[in-house]
Amino acid sequence: MIRTLFTVIILLFGIELTSQAQDIWSLEKCVNYALTNNIKIKQGVISTQYQQNQLTQSRNSRLPNLSGQTSQNLNFGRSLTYDNTYKDINSSETDFGLSTNAPVFNGFQISNSIEKLKLDLMASVEDLSKAKSDISVNIASTYLEILFDKELVKVAENQLQITRQQIKQIGEKVEAGSLARGSLLEIEAQAAGEDLNLVNAKNQLQLAKLKLVQLLELEMNDKFDIEVPLLPEISAQASVVAATDVYNTAVQFRPEIKGADLRFQSSKFQLRMAQGTLYPSISLYANLFDSYNNKYTDINGKSIAFASQLRNNQRKGVGLQMNIPIFTRFQNKLQIDNARLQVLNTELELESAKKLLRSDIETAQTNAIAAMNRFSSNQKAVSSMREAFRYSEEKFSVGLVNAVEYNTAKTKLAKSESDLLQAKYEFIFRTKLLDLYRGLPLTL
């Protein structure tokens with residue numbers, strides 16, 4: 001009873017250690033982690049917040065400002081007194097003031113600035129969405145690369161296992177004297193080569209994991225691994241959606257297109273702002289001034305109190321000010337010309353973004369179709385190679401073919417299986433990329 005209980009405890013403890021040792025990441029977990037912790041994503045969030053502050057600042061420019069002034073002056077020498085005579089008087093004077101200014105009209109520059117910055121903010125949001133889409137695609141691509149390399153490791157392990165079985169069988173025949181030792185040496189050399197292939201496949205898998213870890217901006221550790229999902233089966237009837245249909249959908253919502261269009265619209269308001277500098281600007285101003293002098297006296301020669309001076313010396317003013325641009329050294333004209341050029345440039349950037357999107361979609365569709373065709377052809381090739389290898393293996397076991405012919409058949413089978421896997425994962429990635437362009441979620 002005690003031994004049984006001890007065994008159960010050991011098993012449970014072993015299971016707990018195993019679960020702690022594993023660090024399994026699904027594609028969804030990888031993407032969500034990157035969207036939260038990736039530095040470029042964080043920079044995109046900061047850029048969006050900055051644009052929001054710019055918009056708020058532009059809106060606040062419609063408000064009147066208010067500033068206060070104060071100064072302390074020391075006066076020496078002759079001064080005019082209340083009886084209109086000059087005397088040598090050293091005095092101290094304190095001045096106070098308040099002033100405010102509010103824009104009334106400035107060629108609609110403020111309203112155009114607000115509209116421009118609204119569009120810039122929306123474009124910044126689209127840039128953030130594009131950055132998130134790019135990191136998601138990169139992670140999905142690397143995730144599939146790891147799955148592909150895992151499959152290659154399995155293929156290399158199976159090939160090596162078959163060869164080791166052959167070594168055992170041939171060794172027994174060599175010992176029995178029915179086969180020459182040269183056959184054993186040849187198959188052992190084949191095993192050494194396949195063992196190297198397995199090492200290379202494992203190294204490639206480790207490099208793919210490192211690439212994903214770096215995308216996630218984590219520190220590499222041996223416990224890191226990914227979840228192996230149940231991938232969709234690829235049938236001979238599989239089809240690829242037309243590139244034109246994908247583009248017509250993608251151009252309506254893809255963030256790179258929306259962002260470029262928003263910047264094009266923003267540049268038009270920038271042009272209106274530049275044109276507004278040709279108009280006169282009108283502003284409303286008001287001010288309040290007060291002062292105190294320690295030598296001020298009344299007609300009786302008695303010093304005037306601080307509070308009394310503030311009441312008596314107070315001055316107020318209000319008015320309108322118009323500023324008419326007559327000659328600005330052609331700066332306004334050049335500013336308008338540059339704004340027009342910016343409109344043309346952002347329009348070209350929008351067209352370039354659309355052409356690049358179309359090109360990416362057409363490339364993804366072409367690669368998907370090519371991968372599907374390769375997969376279909378490789379399926380037939382693998383089936384034929386497996387049958388040919390089985391036949392060669394049977395003849396090799398009875399000495400009808402030599403080790404070179406046997407290894408050739410085995411190598412051809414391994415290559416066809418590798419080509420099949422490559423076509424499979426290429427097709428999955430390209431179709432998932434097309435789904436993303438159509439607005440579908442990126443999942444496996």
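Please treat every number below as a calculation from the coordinates, not as lab data. All values reported here derive from a predicted model rather than from experimental measurement. In this analysis, Cβ positions are derived from the backbone assuming ideal geometry, glycine residues included, and neighbour counts consider all displayed protein chains.
Remark: relative contact order (the chain) = 23 percent; criterion is Cα-Cα distance under 8 angstrom and separation of 6 or more residues. Summarising the amide proton neighbourhood of Ile226: residues at separation of 5 or more, or on other chains, whose placed amide H is nearer than 5 Å comprise Trp25.
Sorted on the mean count of surrounding Cβ atoms within 10 Å across their residues, most packed first, peptides 111-122, 370-381 read 111-122, 370-381. Multiplying each eigenvalue of the alpha-carbon gyration tensor of region 306-444 by 5 and taking the square root yields semi-axes of 80, 22, 14 Å, largest first, rounded to whole angstroms.
Structural descriptor for region 118-235: relative contact order 34 percent, calculated from alpha carbon pairs under 8 angstrom and at least 6 residues apart. Taking a straight Cα-Cα cut-off under 26 Å and skipping sequence neighbours fewer than 8 places away in the same chain, the lysines within cross-link reach of Lys410 are Lys150, Lys154, Lys168, Lys173, Lys202, Lys380, Lys395, Lys424. Each Lys and Arg adds +1 at its Cβ and each Asp and Glu adds -1 at its Cβ; summed about the Cα centre, the chain shows a dipole of about 1520 debye. The value given for region 25-132 is a Kirkwood hydrodynamic radius of 19.6 Å, derived from the mean inverse Cα-Cα separation.
The order of the peptides 200-206, 363-369, 72-78 by mean Cβ neighbours within 10 Å, most packed first, is 363-369, 200-206, 72-78. Here the dipole of region 313-444 is about 680 debye; that uses its Cα centre as origin and unit charges on the Cβ of Lys and Arg (positive) and Asp and Glu (negative).
When N counts the residues of region 253-337, how does its alpha-carbon radius of gyration compare numerically with 2.2 N^0.38 Å, as a ratio? The partial results should precede the final answer.
Values: Rg = 26.6 Å, N = 85, 2.2 N^0.38 = 11.9 Å.
Scaled against compact globular proteins, the figure is 2.24.
Please compute one quarter of the surface area of the Cα convex hull for region 213-299 and express it in square nanometres. Mean projected area of the Cα convex hull: 20.8 nm².
Working note: Debye formula, equal point scatterers on the alpha-carbon atoms of the chain, no solvent; log10 I(q)/I(0) at q = 0.06, 0.07, 0.11, 0.12 Å⁻¹ is -0.57, -0.67, -1.06, -1.14.
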